[in-house]
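Here is the structure we will look at.
Taken together, the values in this text are just the output of simple stated rules run on the coordinates, not laboratory data. Owing to the predicted nature of the structure, the values given are computational and were not obtained by experimental measurement.
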Amino acid sequence: MTEEHKHLLIDRFPAGADKVFTLKEYVLIEIEGNEQWNALKKQVVFHQEELADYKQRLSNPGLSEAERESLNQSIRKAENIHHQKVQQLLKELPDINISDPFGGTEQDYDETCGEIEHFVEEIVDKT
């Protein structure tokens with residue numbers, strides 16, 4: 001399964017999003033752990049908490065228009081910072097796809113088989 005297949009499954013079954021992995025992703029991120037992946041998750045959680053705080057503050061009926069605008073500007077700034085951090089962290093993540101040999105040579109299929117065997121062995125060794 002490639003990342004594209006993964007996204008198709010998640011689109012169809014969004015409740016299972018946290019249970020769908022590519023083989024390589026499962027090994028690299030879930031079993032071995034990955035600093036970049038953990039940093040990305042922390043960034044997302046931090047941003048969600050930050051937005052919840054802003055929304056809670058915006059719900060105050062006693063805010064002046066100037067205070068509302070200031071909070072909205074802070075939200076936009078936080079969104080931009082979050083987007084930049086996420087983009088940087090995504091660049092640092094490992095490729096989670098195993099090469100697809102479809103239409104390739106026998107050697108391409110052998111290399112893909114070796115890659116799959118490697119990651120399956122990693123799972124067996126870690127469990």
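Each stretch of four or more DSSP H residues adds -39500 (n - 2.57); spread over every residue of the chain, this sum gives -22500 deg cm²/dmol at 222 nm.
Extension gain, residue 102-residue 68: 0.36 nm per intervening residue step, less the Cα-Cα distance, totals 6.7 nm.
Can you give the Rg to Rh ratio for the chain, taking only C-alpha atoms and Rh from Kirkwood?
Values: Rg = 20.7 Å, Rh = 17.9 Å.
Expressed as Rg/Rh, it is 1.16.
Across the cross-link table entries 6/55; 55/85; 19/85; 91/126, which are compared at the Cα atoms, the separations over 23 Å belong to 6/55; 19/85; 91/126.
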